Amino acid sequence: MHEHFHLIHWAYLAGIIILFIILIWDVSQKKHSILRTYPVIGYLRYFAEALGVYLRRFFYAGDREELPFNRAERTWVYEAAQNIDTTIGFGSTRNLKPTGTIYFVDAPFPVLKRKIVAAQPVTVGESCRHPYTTSSLVNISAMSYGAISKNAILALSRGAKMAGCWLNTGEGGLTPFHLESGCDLVAQIGTAKFGYRDKQGNLSDSQLKKVAAYDQIKMFEIKLSQGAKPGTGGILPAIKVTHEIAKIREIPVHEDAVSPNRFPEIANSAELLDFIHHIREVTGKPTGFKIVLGDYKWLDDLCNEIIKRGIEYAPDFITLDGAEGGTGAAPMTLVDYMGLPIAESLPVLIDTLVEYGLRKRIKVIASGKLITPGMVAWAFCVGADFVTSARGFMFALGCIQALQCHKNTCPTGITSHNRWLERGLDPENKSVRVYHYVKNLEQEVGVICHSCGVEEPRKLKRSHARIVSAHGTSVSLADVYPNKKEGIKLKKQDHI
Ligand SMILES: Cc1cc2nc3c(=O)[nH]c(=O)nc-3n(C[C@H](O)[C@H](O)[C@H](O)COP(=O)(O)O)c2cc1C
Ligand code: SF4
């Protein structure tokens, strides 16, 4: 008893000495003013700051409050991915009044459910040696092995196979994990050309041929820019560059993998078309590029260059990413300020292609927070051929929006290569969620179509959606973006 009392006594004394040392250290250090002024108790501030993120997210934030995705959106994806009932009671919590709100135009006589037909197939790159035909509507956007974990890729790849959609490899190159399930793949080539370069860093035709030889590789995508960070290349923080990733990318281990902010060989539209043409010639597969739009006028320049050279030089597709797009890691300045949101850029791209008579030739893939049925339907109304998403699929994999994707500490194992954290993500179980997410998303887009009176998503028109104006009343998208005359700008060209 006496000995026990003695131990407690010593523990108290040790505690007081430790607190005293911390107090002296806090008061004398110069880095943190809070700790200098409020030694020891100042740590409460850091504790509250760290805890606050979770308290706000799980307890205090309203259903429609958070960014990038609010709880209502996330819950819809979680439920769709688990294939549980997504119906709600009492009424909508969505505020229909703010300017820019989208809603759809219901038909007085909706299409009878039994009349709804599946989406028709679309062919990309009709004139290629190996065109790609698919009837998928929603596909998995680029996320590289590096930005996301091996288990995440396995789950996405198996889910894509079950759902019949494609998976984009991202700029980290093709890995055995992408190929494992046999799903359709889009091979992305980033500015560092990971997986497609020779020892000097130049584009390697033999590497291109090697990848193109896989039947699973359906298309090649040149990544000019990505919505979250136009003007900068990809960044894979050193902490995430493991031995395996370093080997696949042929880069030093545990050093930041920074891609150049532009392809050294592409400085203008003519060089872009040369690059596309070369890859298509070497691989025989549809080739296009991914971009976030800034200056609209550049599209005229690109289209004029295509017309000048001939339609065979046109990209087979353009993937248009909105400025609101996600990233594994990017500077906040670019994430917050650069590029145009998809709501503004998608109609401009579609209309420009129509005006140059290129719309049928060049397919358009849209992305940028298109993760719920309403937003996907909106993209089809505006004129997209396909929709892709990254973060919708991350939610399907269980992402809790902890916003630590760049730190290797992702609690759900999606963006972490820490063995224990990654182990938490079971590829088998999560692949079923990926499958259900695609299927339920497509089905509910079908429900919107049905209510609008059309049979399938690609028959949606701008007149099927309205947008709330500054006056508080809505205007038809068809009035905001009236249909352009096919080829109108073509006829103005002297050389045609
Ligand atoms: C973790 C993560 C990694 C990404 N990696 C790439 C990439 O390698 N290449 C690319 O073009 N885009 C990349 N993106 C962007 C997405 O492909 C997509 O364009 C963007 O997030 C918009 O879609 P979303 O709003 O549905 O997420 C990444 C996004 C995330 C969240
Ligand atoms: S849980 Fe957090 S760290 Fe993991 S993928 Fe989602 S946002 Fe990124």
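The values are calculated or read from the model by the stated rules, or taken from the named source; none is laboratory data. It should be emphasised that the depicted structure is a prediction, and the values quoted were computed from it without experimental measurement. All Cβ positions, glycine included, derive from the backbone under ideal geometry; neighbour counts span all protein chains shown. We work out accessible area using only protein heavy atoms, side chains counted, and drop any ligands, DNA or RNA first. Shrake-Rupley method; radii C 1.70, N 1.55, O 1.52, S 1.80 Å.
Just a few scattered comments:
- Of the helices (runs of 4 or more DSSP H) entirely within region 20-104, those holding at least 2 residues that are touching a residue at least 12 places away in the same chain (Cβ under 8 Å) and surrounded by 13 or more Cβ atoms within 10 Å (Cβ to Cβ) occupy 71-81.
- Exactly one residue out of Leu349, Leu353 is within 20 Å of the chain's Cα centre (by Cα), part of a helix (DSSP H, G or I) and buried (at least 21 other Cβ atoms within 10 Å of the Cβ), and it is Leu349.
- Exclusive hit being more than 22 Å from Pro482 (Cβ to Cβ) and not in a loop (DSSP other than H, G, I, E, B), set Glu344, Glu312: Glu312
- Residues of region 417-436 satisfying the condition of being touching a Gly at 6+ places or on another chain (Cβ under 7 Å) and open to solvent by less than 40 Å² (accessible area, probe 1.4 Å): Glu422, Leu425, Lys430, Ser431, Val434
- When Ser149, Ser144 are screened for being open to solvent by less than 10 Å² (accessible area, probe 1.4 Å), out of contact with any Lys or Arg (no Cβ under 7 Å at 6 or more places or on another chain) and within 16 Å of ligand 2 (Cβ to nearest atom), only Ser149 passes.
- If you filter region 243-290 down to residues that are touching an Asp or Glu at 6+ places or on another chain (Cβ under 7 Å) and aliphatic (A, V, I, L, M), you find that the one that is nearest to Lys210 (Cα to Cα) is Val282.
- Selection of helices (runs of 4 or more DSSP H) fully inside region 369-480 by the criterion of at least 1 residues being within 11 Å of ligand 2 (Cβ to nearest atom) and not β-branched (Val, Ile, Thr) returns 391-396, 419-423.
- Within region 198-216, restricting attention to residues that are touching a Phe, Trp or Tyr at 6+ places or on another chain (Cβ under 8 Å) and over 25 Å from Cys165 (Cβ atoms), the residue that is least open to solvent (accessible area, probe 1.4 Å) is Ser204.
- Counted residues, region 278-312 - those being open to solvent by 30 Å² or more (accessible area, probe 1.4 Å) and either basic (Lys, Arg) or in contact with a Cys (Cβ under 7 Å, 6 or more places away or on another chain) (or both): 3
- Restricting Thr134, Thr169 to residues that are more than 16 Å from ligand 2 (Cβ to nearest atom) and buried (at least 22 other Cβ atoms within 10 Å of the Cβ) narrows the list to Thr169.
- For region 445-484, filtering for residues that are open to solvent by 40 Å² or more (accessible area, probe 1.4 Å), acidic (Asp, Glu) and at pLDDT below 95 leaves 1.
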